[in-house]
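J.: Input: one structure, supplied below.
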Amino acid sequence: MGTVALDGARPRKRFLNTGFLVVLWLCLAIGVVSLIVLLVYVFVQGAPAFGPRLWRRFPSFDPAEAGARSAVFGTIYTVALTAAFAVPLGVGAAVYLEEFADRDHWWSRLIALNIQNLAGVPSIVYGILGLAFIARGPLGLGPVILTGGMILALLVLPMVIIASREAIRAVPPSIRDGAMALGATKWQTTWRQVLPAAVPGIATGIILALSRAIGEAAPLIMIGAFVYVPFMPTGLDSKFTVLPIQIFDWVARPQAGFSQLAAAASMLLLLILLGMNAIAITLRNRYRHRW
Amino acid sequence: MTDALTQPPRVGAGAGATTGGSVASVREPDAVSGAVSSVPVPTDVVFELRDLAVYYGDVAAVEGVDLDVPARRITALIGPSGCGKSTLLRCLNRMNDLVDGARVTGRLAYYGLDLYDPRVDPVEVRRRIGMVFQKPNPFPKSIYDNIAFGPRVNGVRRNLDDIVEKALTDAALWDEVKDKLRSSAFALSGGQQQRLCIARCLAVEPDVILMDEPCSALDPIATSRIEDLMVELRERYTIVIVTHNMQQAARVSDYTAFITTDVRDGGSRVGHLVEFDATEKLFTNPSDPRTEGYITGRFG
């Protein structure tokens, strides 16, 4: 027995091991702790003002009376418009790039590279684009809800395309071969087999992209979205505001009541985002295919 | 023979006269065995390959193939891995079109019609010439929808229930799945999935069924069920099977083609057809020493 020594590394090595682990833990802790602090702060601050009046009352100069009804519905309508634009365009582009384009051609690779870069373009830049070409300029729609939806759609389009491409690529080629071998056309194969099989992944990507759109204030401020909107959006050409803009406005006011309202509205925004992410995760887990 | 209307004219076993344009004489597999002959000329030729070659880009995968595939027989393509037998099979229903850079030269006629003629629609070719793949590849849908997909894309809307039942019955799967037609095809075992894929293929009433190592992912029991099924289907369909299992080729096929790889100058490997004959003759009395070497296990 005495010849075998299994008592492990020398103290110095063991110390380094532990030290390294501690550093990794710290990295993780900084991220998690700041998130928790933020959530707790928002919830403690906002809890007293949180309630149905947020989505029942319109904004007011009296913090005791004010709500965010126009912002809540403005957000819902804007995001619905964003989805209506971004989903067909994004999925269509992804289907073309994955199923029909020659993937190795320099032209396809250039497009793919550009889309990835576009996903990283700061949202304020999209705001400038929207101001110059949609709110004013050639389209001249003004700072209305349609403009907001179009701008946010442009903003999230690259994310939708990238997520959809990945979902489509994850459908095994054997599914396409199987369909084509039965005499299905390329289009029938894509529409009836590949897309349905990719839907869970595409839906997850869309929801995550839309939850980014919900949190955006900068591009909408840029196009001139209003801050004080004491009425419901009535149509595509209606003036509007959204929750992040409302929060930004309230935070900037001196009265204590408004900062409470800002925290409460942040709570609402966070709850909407968490809800959307929960849907995305559920979709991903429930419809995960085993091929 | 309900499917006879939808298919090209053909002649049954031992029927004598033929309608195929390229037929020189009639010889049944049994009559061939023992006789020393070159390529046997079967009753009716479905595929006529002349100097066929397939290239991926500039690289030849298989070259110089002359082969007559007989109607309503099982023809096996055997040979070592990478010899191009799957490539050759995928030419027969133009599945190679889907591979970037794949190119076919030479003549490939289907009932005398050039399959690679520009006027030929590959979609129509694949409807008539079905394919079963190496790994079972059911669609991520119900058993019913797996079978109904083929008829649906071909415009069939009525009597789908009957078509599904008939296809599953013909593929010897009906009794096992009739109570769970709406459940996912992924719930089936590997062998059942492969029979589902065969049923899916039968549902579009093809003329030919190509099988690319259909049993290589299956256990021996599932394999023997598929082999039994192939022998039954042989009554009504022309079957071409690629297999790396020589026992399987010997058990089920009527004709066997042995393909092997040549190493050319510069180290490139190109597949070519060594010998094509009635299975019994090829396995008992091969005329090429390379065939003998392969079937007796000396290489490959």
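J.: Among the residues that make up region A:274-290, is at least one of them within 14 Å of chain B (Cβ to nearest Cβ) and assigned to a helix (DSSP H, G or I)?
T.: Let us first name the residues in region A:274-290 that are within 14 Å of chain B (Cβ to nearest Cβ), namely A:286-290.
If we keep only those that are assigned to a helix (DSSP H, G or I) as well, we get A:286.
Scanning region A:274-290, I find at least one residue that is within 14 Å of chain B (Cβ to nearest Cβ) and assigned to a helix (DSSP H, G or I), so the answer is yes.
J.: If you don't mind, there's one more thing I want to ask. Which one of these does B:L67 not meet: (1) assigned to a strand (DSSP E or B); (2) of a type outside the set (S, T, N, Q); (3) more than 18 Å from B:T256 (Cα to Cα)?
T.: Answer for B:L67: the failing condition is (3).
J.: Specify which of the listed residues (B:V240, B:V177) is within 14 Å of chain A (Cβ to nearest Cβ) and touching a Leu at 6+ places or on another chain (Cβ under 7 Å).
T.: Values: B:V177 fails: within 14 Å of chain A (Cβ to nearest Cβ).
One residue alone meets the criteria, B:V240.
J.: Mind checking which residues of region A:219-240 are small (G, A, S) and either surrounded by fewer than 19 Cβ atoms within 10 Å (Cβ to Cβ) or within 12 Å of the chain's Cα centre (by Cα) (or both)? Step through it out loud before you land on a result.
T.: Here is the first cut: in region A:219-240, the residues small (G, A, S) are A:224-225, A:235, A:238.
Result: A:G224, A:G235, A:S238.
J.: Does any residue of region A:142-157 turn out to be on the phi > 0 side of the Ramachandran plot and either without any contact (Cβ under 8 Å) to a residue 12 or more places away in the chain or away from chain B (no Cβ under 14 Å) (or both)?
T.: To start, the set of residues in region A:142-157 that are on the phi > 0 side of the Ramachandran plot comprises A:142.
Checking which are either without any contact (Cβ under 8 Å) to a residue 12 or more places away in the chain or away from chain B (no Cβ under 14 Å) (or both) leaves us with A:142.
Yes: one or more hits.
J.: Could you give me the residue pairs with C-beta distances under 7 Å whose first residue belongs to region A:169-194 and is closer than 16 Å to B:V132 by Cα and more than 7 Å from every other protein chain (Cβ to nearest Cβ), whose second residue is of a type in the set (A, V, I, L, M) and not in a loop (DSSP other than H, G, I, E, B) wherever it lies, and which are 6+ apart or on separate chains?
T.: Between residues of region A:169-194 that are closer than 16 Å to B:V132 by Cα and more than 7 Å from every other protein chain (Cβ to nearest Cβ) and residues that are of a type in the set (A, V, I, L, M) and not in a loop (DSSP other than H, G, I, E, B), the close pairs are A:R176/A:V194.
J.: Let me ask something else about it. Of everything in region B:86-137, what is under 28 Å from B:A222 (Cβ atoms) and in a strand (DSSP E or B)? Give them in sequence order.
T.: B:I129, B:G130, B:M131, B:V132
J.: Going by what's in this entry, would B:I226 be described as modelled with pLDDT of 95 or more and either under 15 Å from the mean Cα position of the chain (by Cα) or outside any helix (DSSP H, G or I) (or both)? Break it down stepwise before answering.
T.: Values: modelled with pLDDT of 95 or more: no; either under 15 Å from the mean Cα position of the chain (by Cα) or outside any helix (DSSP H, G or I) (or both): yes.
For B:I226, the condition - modelled with pLDDT of 95 or more and either under 15 Å from the mean Cα position of the chain (by Cα) or outside any helix (DSSP H, G or I) (or both) - is not met.
J.: Of everything in region B:247-269, what is within 23 Å of B:E63 (Cα to Cα) and modelled with pLDDT of 90 or more? Give them in sequence order. Step through it out loud before you land on a result.
T.: First, pick out the residues of region B:247-269 that are within 23 Å of B:E63 (Cα to Cα): B:249, B:255-269.
Those that are within 23 Å of B:E63 (Cα to Cα) and modelled with pLDDT of 90 or more: B:A249, B:Y255, B:T256, B:A257, B:F258, B:I259, B:T260.
J.: Restricting to region A:1-48, give me the number of residues that are modelled with pLDDT of 85 or more and small (G, A, S).
T.: 6
J.: Among the numbered conditions (1) at negative phi; (2) in contact (Cβ under 8 Å) with a residue 40 or more places away in the chain, tell me where B:E213 comes up short.
T.: Failed condition: (1).
J.: A further question follows. Pick from A:I168, A:I162, A:I145: which is closer than 30 Å to B:R128 by Cβ, out of contact with any Lys or Arg (no Cβ under 7 Å at 6 or more places or on another chain) and surrounded by 16 or more Cβ atoms within 10 Å (Cβ to Cβ)?
T.: Details: A:I162 fails: closer than 30 Å to B:R128 by Cβ; A:I145 fails: closer than 30 Å to B:R128 by Cβ.
Result: A:I168 is the single residue among A:I168, A:I162, A:I145 that is closer than 30 Å to B:R128 by Cβ, out of contact with any Lys or Arg (no Cβ under 7 Å at 6 or more places or on another chain) and surrounded by 16 or more Cβ atoms within 10 Å (Cβ to Cβ).
For (1) of a type in the set (A, V, I, L, M); (2) under 30 Å from B:P140 (Cβ atoms), each residue gets a yes or a no:
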residue: A:G120; (1), (2): no, no
residue: A:I151; (1), (2): yes, no
residue: A:P158; (1), (2): no, yes
residue: A:I161; (1), (2): yes, yes
residue: A:S164; (1), (2): no, yes
residue: A:A170; (1), (2): yes, yes
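J.: Name every residue in region B:138-158 that is within 9 Å of chain A (Cβ to nearest Cβ), farther than 24 Å from B:D179 by Cβ and not in a helix (DSSP H, G or I), in order of residue number.
T.: Hit for region B:138-158 is B:N154, nothing else.
J.: Here's another thing I want to ask about it. Go through region B:90-149 and give me each residue that's touching an Asp or Glu at 6+ places or on another chain (Cβ under 7 Å), more than 18 Å from B:I241 (Cβ to Cβ) and of a type in the set (D, E, K, R).
T.: B:R107
J.: Separate question: Would you call A:R212 closer than 20 Å to A:I161 by Cβ and either modelled with pLDDT under 90 or in a loop (DSSP other than H, G, I, E, B) (or both)? Before the answer, list the steps.
T.: Working: closer than 20 Å to A:I161 by Cβ: yes; either modelled with pLDDT under 90 or in a loop (DSSP other than H, G, I, E, B) (or both): no.
No; evaluated as a whole, the condition is false for this residue.
J.: Right, another one. Of everything in region B:267-300, what is within 16 Å of B:P80 (Cα to Cα) and part of a strand (DSSP E or B)? Give them in sequence order.
T.: Within region B:267-300, B:R269, B:V270, B:G271, B:H272, B:L273, B:V274, B:E275, B:F276 qualify.
J.: Of all the residues that make up region B:125-137, how many are within 8 Å of chain A (Cβ to nearest Cβ) and among the polar types (S, T, N, Q)?
T.: Number satisfying all stated conditions: 1.
J.: Among the listed residues A:P254, A:P244, identify the single one that is part of a helix (DSSP H, G or I) and either at pLDDT 90 or above or over 21 Å from the mean Cα position of the chain (by Cα) (or both).
T.: Values: A:P254 fails: part of a helix (DSSP H, G or I).
Exactly one residue qualifies, and that residue is A:P244.
J.: While we're here: Scan region B:124-166 for residues that are more than 24 Å from B:R94 (Cα to Cα), out of contact with any strand residue (DSSP E or B) (no Cβ under 9 Å at 6 or more places or on another chain) and not charged (D, E, K, R) and jot them down.
T.: Pass one, region B:124-166, residues more than 24 Å from B:R94 (Cα to Cα): B:140-145, B:157-166.
From what is left, the residues that are out of contact with any strand residue (DSSP E or B) (no Cβ under 9 Å at 6 or more places or on another chain) are B:144-145, B:157-166.
Of everything in region B:124-166, those that are more than 24 Å from B:R94 (Cα to Cα), out of contact with any strand residue (DSSP E or B) (no Cβ under 9 Å at 6 or more places or on another chain) and not charged (D, E, K, R) turn out to be B:Y144, B:N159, B:L160, B:I163, B:V164.
J.: How many of the residues in region A:241-291 are closer than 30 Å to B:S189 by Cα and surrounded by 14 or more Cβ atoms within 10 Å (Cβ to Cβ)? Let's see the steps before the verdict.
T.: Step one: filter region A:241-291 for residues closer than 30 Å to B:S189 by Cα, giving A:281-291.
Going one step further and asking which of them are surrounded by 14 or more Cβ atoms within 10 Å (Cβ to Cβ), we end up with A:283-284, A:287, A:289.
Looking only at that region, the number is 4.
The values are calculated or read from the model by the stated rules, or taken from the named source; none is laboratory data. Worth saying up front: this structure is predicted, and the values here are computed from it rather than measured. So basically every Cβ, Gly included, is an ideal-geometry build from the backbone, and we count neighbours across all protein chains shown.
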